[in-house]
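The values are calculated or read from the model by the stated rules, or taken from the named source; none is laboratory data. Everything quoted here is computed from the prediction, not taken from an experiment. Here the Cβ positions follow ideal geometry from the backbone for every residue, glycine too, while neighbour counts run over all protein chains shown. These accessible areas exclude ligands, DNA and RNA; they are computed on the full protein's heavy atoms, side chains included. Shrake-Rupley method; radii C 1.70, N 1.55, O 1.52, S 1.80 Å.
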Amino acid sequence: MRMGGSESGSDLKLMGTKLSPFSYRIEWALQLKGIHYEFVEEDLKNKSSLLLQLNPVYKKVPVLIHEQKSLSESLIILEYIDETWKHNPILPKDPLERAHARFWAKFVDEKLYEAANKALFSVGEAEQAKANESMAEALQLVEGEMMRLTKGKTLFGGDGIIGYLDIVLGWVGYWFKFGEEAAGLNITTDSTKYPAFVSWTHHFLQLPLIKNNLPTPGELLRVSRLVMLRCGKITE
Amino acid sequence: MAATTTSDVRLIGAWPSPFVMRARIALNIKSVDYEFLQEQLGSKSDLLLKSNPVHKKIPVLIHSDRPICESLVIVQYIDDVWASGPSILPSDPYDCAIARFWAAYIDDKWFPSLSGIARAQGEEAKKAAIEQVVEGLVLLEDAFLKCGKGKAFFGGDTIGYLDIALGCYLGWIRVTEKMNNMKLLDEAKTPNLVTWADKFCGDGSVKDVMPETDKLAEFAKVLMAKFRAPPPN
């Protein structure tokens with residue numbers, strides 16, 4: 001049930017999973033532009049030889065295959081999609097706004113991601129407290145920029161319009177929430193501390209494009225709990 | 001009140017930094033005049049802290065009083081703004097994506113392995129660290145052949161994004177080679193990169209901003225002395 005659209009990406013395949021936020025980024029982008037693609041589901045516990053061949057450096061999903069040429073790394077794939085299919089643009093047009101979008105995407109996928117993982121997986125009270133603080137600080141930096149970056153609109157692309165940073169922040173607004181719940185934390189849902197972020201999450205998750213392209217809460221919570229159990233973060 | 005001429009384009013940086021060099025090379029390619037604001041080792045200027053409050057790092061490009069941070073973001077910004085000058089990123093979306101991919105690899109995986117050599121304790125660890133760097137360079141040699149398509153640079157006939165992304169580290173590569181008495185860029189394993197390195201360093205946009213190896217080696221010694229813990233008594 002891939003979305004057929006007016007644009008056909010000839011010979012377009014996406015290798016991904018139905019759990020990976022990075023894989024979903026690409027699905028959102030392609031569906032936003034109405035581009036038809038074939039979804040090839042990978043089993044990350046048993047990676048296909050094709051995946052290993054096409055992404056030998058990182059061995060990860062997503063991998064986009066377009067006209068027999070392959071690309072990996074979700075942020076790079078997003079820019080490729082935006083440059084190849086120019087309608088319904090994802091990145092801002094203005095060079096300074098583009099620079100800010102790229103800067104914050106890097107921050108979200110590096111500093112915020114690292115802080116999120118530490119918060120989810122740290123063991124021991126002192127370590128947990130420190131990790132929570134780092135996560136709170138990193139999220140606060142994002143919170144502080146949201147009004148400026150969205151220019152007061154509901155999403156980074158505009159009112160009800162999805163843009164690059166919406167796609168990038170998706171994992172924080174949805175996936176991390178379930179990780180938090182499974183780990184017994186409560187960082188991102190505080191609307192008194194992060195009013196702009198919480199408001200953005202609400203608008204983002206309401207979009208039909210997003211709502212219809214997410215792992216179910218039940219599935220994500222189940223998987224998050226399994227991961228937490230396995231690493232000893234929680235006990236049965 | 002005396003009139004102050006502040007350049008519309010300012011770059012906060014320091015001469016030893018490969019990241020700063022990226023921005024300088026990009027500005028040179030576009031023939032953009034800029035004011036270079038040199039930071040001092042060990043202290044961060046108020047302007048830097050104000051312009052990059054998130055990371056507090058150089059380089060920061062300040063264009064019409066608006067700061068842009070992160071070296072590769074800056075290079076892309078320069079390419080976007082001064083669009084009439086020679087292109088830095090490839091025009092073909094796929095070639096562009098490949099250039100971005102390898103630039104990200106260089107920063108995320110390869111450069112940490114280079115820093116790993118200085119941090120390695122003992123002969124075995126050092127050897128392993130060196131091997132890792134060379135393995136990465138072999139990957140980049142292959143990328144060079146695919147991207148450059150037989151031409152002088154990753155970008156083709158002229159220096160491009162990926163040349164800048166890797167080339168900025170050449171000074172530090174040479175310092176590491178000198179201090180450890182070995183070759184990282186080796187004719188046997190990475191012959192094309194060896195040739196490329198010389199061409200890159202000799203390029204008009206690069207040669208005035210690439211630090212001399214000896215000067216950089218001296219700086220490295222100062223840096224290591226500053227951060228090394230004093231030996232136990």
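Tabulated data for the structure shown
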quantity	calculated
Cα-Cα separations in the stretch A:12-84 greater than 20 Å, expressed as whole percent	18 percent
Built amide H within the under 5 Å cut-off of B:Glu39, gap 5+	B:Gly13, B:Ala14
Under 12 Å, Cβ to Cβ, from A:Leu229 - net charge with Lys/Arg +1 and Asp/Glu -1	+3
Accessible area buried at the B-A interface, both sides summed, 1.4 Å probe (Å², nearest 100)	2200 Å²
Net dipole in debye of chain B [+1 Lys, Arg Cβ; -1 Asp, Glu Cβ; about Cα centre; nearest 20]	600 debye
DSSP beta bridges in chain A [antiparallel fraction, %, rounded to 5]	60 percent
Three-way shape label, chain A, alpha-carbon gyration tensor, a/c 1.5	oblate
Phi to ³J(HN,Hα) by Karplus 6.51 cos²θ - 1.76 cosθ + 1.60 over the stretch B:61-68, Hz, x for Gly, Pro	8, 10, 10, 6, 6, 10, x, 10
Lysine pair number, Cα distance threshold 29 Å (strictly under), the stretch A:102-195, separation 8 or more or different chains	21
Ellipticity estimate at 222 nm from DSSP helix runs (n ≥ 4, -39,500 (n - 2.57)) divided over chain A, nearest 500	-15500 deg cm²/dmol
Beta bridge orientation in the protein assembly as shown: antiparallel %, DSSP, nearest 5	65 percent
Vicinal HN-Hα couplings computed from phi for the stretch B:123-129 (Karplus, 6.51 cos²θ - 1.76 cosθ + 1.60; Hz; Gly/Pro x)	4, 4, 5, 5, 4, 5, 5
Distance between the stretch B:22-75 and the stretch A:73-151 - C-alpha centres, whole angstrom	21 Å
Ranked by how many other beta carbons lie within 10 Å on average, peptides B:168-177, A:218-227 from highest	B:168-177, A:218-227
Average Cα contact separation per residue, the stretch B:1-149, under 8 Å, 6 or more apart, as relative contact order %	19 percent
Residue-level accessible surface for A:Trp28, protein heavy atoms, 1.4 Å, Å²	0 Å²
For the stretch A:99-119, residues shielded by at least 40 square angstrom of accessible area compared with the chain on its own, probe 1.4 Å	A:Ala99, A:Arg102, A:Phe103, A:Lys106
The protein assembly as shown: projected area of the alpha-carbon convex hull, averaged over directions, in nm²	27.1 nm²
Accessible solvent surface per residue of the protein assembly as shown, calculated while the other protein chains remain in place, 1.4 angstrom probe, Å²	49 Å²
Accessible area (Å², 1.4 Å probe, nearest 10) - A:Glu27	0 Å²
Computed magnitude of the charge dipole of the stretch A:12-84 (debye, nearest 20; Cβ of K, R +1, Cβ of D, E -1)	260 debye
The stretch B:1-137: Cα Rg divided by the 2.2 N^0.38 Å rule of thumb	1.24
Whole-percent carbon and sulfur share, accessible surface of the stretch A:116-236, 1.4 Å	56 percent
Evaluated at q = 0.12, 0.17, 0.18, 0.19 Å⁻¹: base-10 log I(q)/I(0), Debye formula over Cα of the stretch B:93-222	-0.45, -0.90, -1.01, -1.11
5 angstrom amide H check on A:Phe156, placed H, neighbours 5+ away	A:Gly163, A:Asp166
Karplus-derived 3J(HN,Hα), 6.51/-1.76/1.60, for each residue of the stretch B:89-106, Hz, glycine and proline x	8, x, 7, 6, x, 6, 4, 5, 4, 5, 4, 5, 4, 5, 5, 5, 4, 4
Solvent exposure ordering (accessible area, 1.4 Å, most first) of B:Asp92, B:Asp163	B:Asp92, B:Asp163
Residues in the stretch A:43-71 occluded by at least 30 Å² - accessible area, probe radius 1.4 Å, against chain by itself	A:Val57, A:Tyr58, A:Lys69, A:Leu71
Count of lysine pairs in the stretch B:93-222 with Cα separation under 17 Å (8 or more residues apart, or interchain)	12
For chain B: Kirkwood Rh in Å [reciprocal of mean 1/r, alpha carbons]	18.7 Å
Within-14-Å neighbourhood charge of B:Tyr105 [Cβ basis; K, R +1; D, E -1]	-1
Selected from A:Thr84, A:Ala29, A:Pro56, residue furthest toward positive end of dipole (the stretch A:12-84; charges at beta carbon)	A:Pro56
Kirkwood hydrodynamic radius (C-alpha pairs) into Stokes-Einstein, the stretch A:95-231, 10 °C and 1.306 mPa s, D in µm²/s	103 µm²/s
Kyte-Doolittle mean at least -1.0 and Cα axial length at least 30 Å: DSSP H helices in chain A	A:125-150
